[in-house]
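Let me begin by presenting the structure, written as structure tokens, before commenting on it.
The values are calculated or read from the model by the stated rules, or taken from the named source; none is laboratory data. The structure presented is a predicted model; accordingly, all values stated were derived computationally and were not measured. Note that we place each Cβ from the backbone using ideal geometry, even for glycine, and neighbour counts take in every protein chain shown. Calculation scope for accessible area: heavy atoms of the full protein, side chains included, ligands and nucleic acids excluded. Shrake-Rupley method; radii C 1.70, N 1.55, O 1.52, S 1.80 Å.
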Amino acid sequence: MTPRPVPRQRRQTLYFLEQIRSFSPVFLDTEVDMGEVLRHRDTAREAGRRYSVVTYVLLAGARVLAAHPQANASIHGRALPRVAHYTQVNAKLALDRTLDGQRAVLSAVLPDLAKADLAHIQQQVSHYRDGDAEQMPEFAGVRRLQGLPVPVGRFAFRRFVRPLTRRADVFGTFAVTSLGHRAVDSFHSVGGTTVTLGVGRILDRPVVRDGTVTSAPIMRLSLAFDHRVIDGGEAADILTEIKDALERFGEQS
């Protein structure tokens, strides 16, 4: 066996992980009854509109984060830490893509989602999921970064993402990552934002309703939060409100 360098298509992932070493993560999770979301999704499909599950999570997450400005923030520094709070809610969506035959994680930032509707969010999700990552101008910077020598690329990445004034545009103000298209019930991820949501698959699971055991389409939803920025009480409120928004989606749409 001969060790080989990390593929250049994965270099930005290594630079990102180095950048978030100071993150102080705490993990929460819950179960969400997705019955209302699936009913809305089925009705929309009959009308010719297709929505992914992650689009509903992005919408719910953005609206809840807008109501929690202390969490819609980034922190930087150790000796003299500073926190920036953002007026706009931008979501970072993790994407499993292939570049030059190499599987890699790319990220897309979807801006100002608290003011967006479901159709607009889905349009952006589809654009990034279906587009050619090797040609899309949105990923030109990542492609250039991958071509730099590792020391230069590491320095360039750190220099680009470090300023708090730029962080919302580069990392988003909250992150969503989904493995629900595979046999993954739940997982926790740190997306470099104060709040990161992890979306698992939806399965019919036993639930108790009015003292009777029945089944419901349940999705496990996790939340990782940076304890340097917010505390567990606020993080628990955020996760609960996102859960409620998804479970009551039919009432709000």
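Mind checking the angle between helix 53-66 and the chain's longest principal axis? C-alpha axes, 0 to 90 degrees, to the nearest 10.
Roughly 80 degrees between the two axes.
How about the stretch 125-183: which trypsin sites (Lys or Arg not before Pro) there are in a DSSP loop, with at most 13 other Cβ atoms within 10 Å of their Cβ?
Arg182
Quick check on packing: order 168-177, 81-90 by the mean number of other C-beta atoms within 10 Å, highest mean leading.
Ranking the peptides 168-177, 81-90 by packing returns 168-177, 81-90.
For the chain, just say rounded, prolate or oblate: build the C-alpha gyration tensor, square-root its eigenvalues into a ≥ b ≥ c, call rounded for a/c under 1.5, and beyond that prolate if a/b exceeds b/c, oblate if not.
Details: a/c = 1.77, a/b = 1.42, b/c = 1.25.
Prolate, because a/c is 1.5 or more and a/b exceeds b/c.
Tilt of helix 150-161 relative to the longest C-alpha principal axis of the chain, in degrees (0 to 90, nearest 10)?
Approximately 50 degrees, to the nearest ten.
For helix 35-46, what angle does its Cα long axis make with the longest principal axis of the chain, in degrees from 0 to 90 and rounded to 10?
Its long axis makes an angle of about 80 degrees.
Place a +1 charge on the Cβ of each Lys and Arg in the stretch 137-189 and a -1 charge on the Cβ of each Asp and Glu, then give the dipole magnitude about the Cα centre in debye, rounded to the nearest 20.
Computed charge dipole of the stretch 137-189: roughly 360 debye.
Can you compute the radius of gyration and Dmax for the stretch 123-253, using only the Cα atoms, both in Å?
19.0, 62
Projected onto the charge dipole of the chain (+1 at Lys/Arg Cβ, -1 at Asp/Glu Cβ, origin at the Cα centre), which of Gly172, Leu148, Ala84 gives the Cα projection farthest towards the positive end?
The listed residue farthest towards the positive side: Leu148.
Note down the magnitude of the dipole of the chain about its Cα centre, charges +1 on Lys and Arg C-beta and -1 on Asp and Glu C-beta and zero elsewhere, to the nearest 20 debye. Before the final figure, lay out each step's value.
Values: 34 positive and 27 negative charges, 288 e Å.
For this selection, approximately 1380 debye.
Which length gain, in nm to one decimal place, applies between Asp117 and Leu203 when the Cα-Cα distance is subtracted from 0.36 nm times their residue separation?
28.3 nm
Using only the alpha carbons of the stretch 53-180, determine the length spanned along each of the three principal axes and report them from longest to shortest in whole angstroms.
42, 42, 24
Using the Cα centre as the reference, give the magnitude of the dipole from point charges on the C-beta atoms of the stretch 49-100 (Lys, Arg: +1; Asp, Glu: -1; all else neutral), rounded to the nearest 20 debye.
Charge dipole, the stretch 49-100, about its Cα centre: 120 debye, nearest 20.
Could you tell me which of Ser107, Gln123, Met136 has its Cα farthest along the dipole of the stretch 105-147 towards the positive end, charges placed at Cβ (Lys, Arg +1; Asp, Glu -1), taken about the Cα centre?
Sorting the options by dipole projection puts first Ser107.
Given a Förster distance of 22 Å, report the FRET efficiency between Phe160 and Asp231 from their Cβ-Cβ distance, rounded to the nearest 0.05. Intermediate values should be presented prior to the final figure.
Details: r = 30 Å, r/R0 = 1.36.
The calculated FRET efficiency here is 0.15.
Sorted by accessible area (1.4 Å probe), largest first, how do Thr30, Thr240 line up?
Of Thr30, Thr240, the descending order of accessible area is Thr240, Thr30.
What are the principal axis extents of the Cα atoms in the stretch 8-54, in Å, biggest first?
45, 30, 10
Take the stretch 54-105, drop everything but the C-alpha atoms, weight them equally and run the Debye formula without solvent; then report log10 I(q)/I(0) at 0.19, 0.21, 0.27, 0.28 Å⁻¹ to two decimals.
The Debye formula, applied to the Cα set alone, gives -0.77, -0.82, -0.98, -1.02.
Give the share of C-alpha pairs in each 10 angstrom bin for the stretch 1-122, from 0 to the last occupied bin, in whole percents, shortest bins first.
With 10 Å bins starting at 0, P(r) equals 10, 28, 34, 21, 7, 1.
Can you give me the relative contact order of the chain as a percent, contacts being Cα pairs under 8 Å and 6 or more apart?
30 percent
Quick one: if you stick a label point 7 Å off each Cα along the C-beta vector at Thr43 and Asp100, how many nm between them?
4.9 nm
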